[in-house]
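Novice: Would you mind keeping the following structure in view while I ask a few things?
The values are calculated or read from the model by the stated rules, or taken from the named source; none is laboratory data. As the structure is a prediction and not an experimental result, all values here were calculated from the model. For neighbour counting, all protein chains shown are included, and Cβ atoms are generated from backbone atoms with ideal geometry for every residue, glycine included. The accessibility values were calculated without ligands, DNA or RNA, using every heavy atom of the protein model including side chains. Shrake-Rupley method; radii C 1.70, N 1.55, O 1.52, S 1.80 Å.
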Amino acid sequence: ILMWAPQTAKTQVAFNFLGRRIDQEPGSCMYVGPDEKVTKRIARKRIIPMFRRTPRLAELLGEGISDTTTLAVQFVNGADLILAWATSAAEISSESIEVLIRDELDKWPAYAGREADPIALTDVRTNAYPHTKKILDLSTPADESKYIGKEVENEADELRRYWVACPICGEAQIMHFGQFDWPKNVREPRKIVRERLANYQCEACGMLW
């Protein structure tokens, strides 16, 4: 379960994991995005180009015209990838899968069309692999009551936090909001970002990043 800030390589971690499984442990995989538009865009711009540009994976791509599409990829070693989205019960409940990647969980709807909640529907897809299934959930947290926070609270056996090393003294620390500093007379957030007025004060040496 990856509950990380925006634009911190969550999805890339999922793609790296997916590529390794396809190459080393071929089986049935499913990537589920929050909606159809996002899923198809990620497939077209990131997933399929990754397969074609990675030598090990490119060798495994099927040569048939139907082996690689926006919604499904078949590999010659028996691995296959299905791409689906949380708003379609038909898409997420069609196949048994061993590897399940659920992206941007907090943007998922409460229900998949008129069906049950999409997390429960996708969970069922892995029932045929009780001992070997892998489920990777990732999302920027939108609200503590949303899915990813509940997954962390209810499913995680251990919790690991990201520690940052101070670029000046090297002390590793968990970043806290109270250590951020910016001119108190500047009320416009965009100005703070644009002019790079904010700093983070190291808890060990006091220097500003």
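Novice: Which one is least open to solvent (accessible area, probe 1.4 Å), of the residues in segment 127-174 that are of a type in the set (Val, Ile, Thr) and part of a helix (DSSP H, G or I)?
Specialist: 148
Novice: Restricting the first residue to segment 11-24 and requiring it to be within 14 Å of residue 48 (Cβ to Cβ), which pairs with a second residue that is among the small types (Gly, Ala, Ser) and surrounded by 18 or more Cβ atoms within 10 Å (Cβ to Cβ) meet a Cβ separation below 7 Å and a spacing of at least six or different chains?
Specialist: Going by the 7 Å Cβ cut-off, the qualifying pairs are 22/79.
Novice: Looking at segment 175-209, which of its residues are open to solvent by 90 Å² or more (accessible area, probe 1.4 Å) and of a type outside the set (Lys, Arg)?
Specialist: Answer for segment 175-209, where residues must be open to solvent by 90 Å² or more (accessible area, probe 1.4 Å) and of a type outside the set (Lys, Arg): 176, 177, 185, 193, 195, 203, 207.
Novice: Would you tally the residues in segment 1-38 being of a type in the set (Asp, Glu) and within 22 Å of residue 92 (Cβ to Cβ)?
Specialist: 2
Novice: Within segment 128-141, can you find the residues that are under 18 Å from the mean Cα position of the chain (by Cα) and not small (Gly, Ala, Ser)?
Specialist: Residues satisfying the conditions are 133, 134, 135, 136, 137, 138, 140, 141.
Novice: Another one. Of all residues in segment 52-76, how many are without any contact (Cβ under 8 Å) to a residue 24 or more places away in the chain, surrounded by 14 or more Cβ atoms within 10 Å (Cβ to Cβ), in contact with a helix residue (DSSP H, G or I) (Cβ under 8 Å, 6 or more places away or on another chain) and not hydroxyl-bearing (Ser, Thr, Tyr)?
Specialist: Total satisfying the criteria: 1.
Novice: Could I ask something else about it? Among the listed residues 102, 125, identify the single one that is more than 18 Å from the chain's Cα centre (by Cα) and in contact (Cβ under 8 Å) with a residue 40 or more places away in the chain.
Specialist: Criteria check complete, one pass: 125.
Novice: Quick one: how many residues across segment 93-115 are open to solvent by 30 Å² or more (accessible area, probe 1.4 Å) and basic (Lys, Arg)?
Specialist: Result for segment 93-115: 2.
Novice: Sticking with this structure for a sec: On the phi > 0 side of the Ramachandran plot and acidic (Asp, Glu): which single residue out of 104, 63, 98, 36 fits that description?
Specialist: 104
Novice: Working carefully through the options 86, 79, 90, 5, find the one that is closer than 27 Å to residue 147 by Cα and either modelled with pLDDT of 90 or more or surrounded by 15 or more Cβ atoms within 10 Å (Cβ to Cβ) (or both).
Specialist: 86
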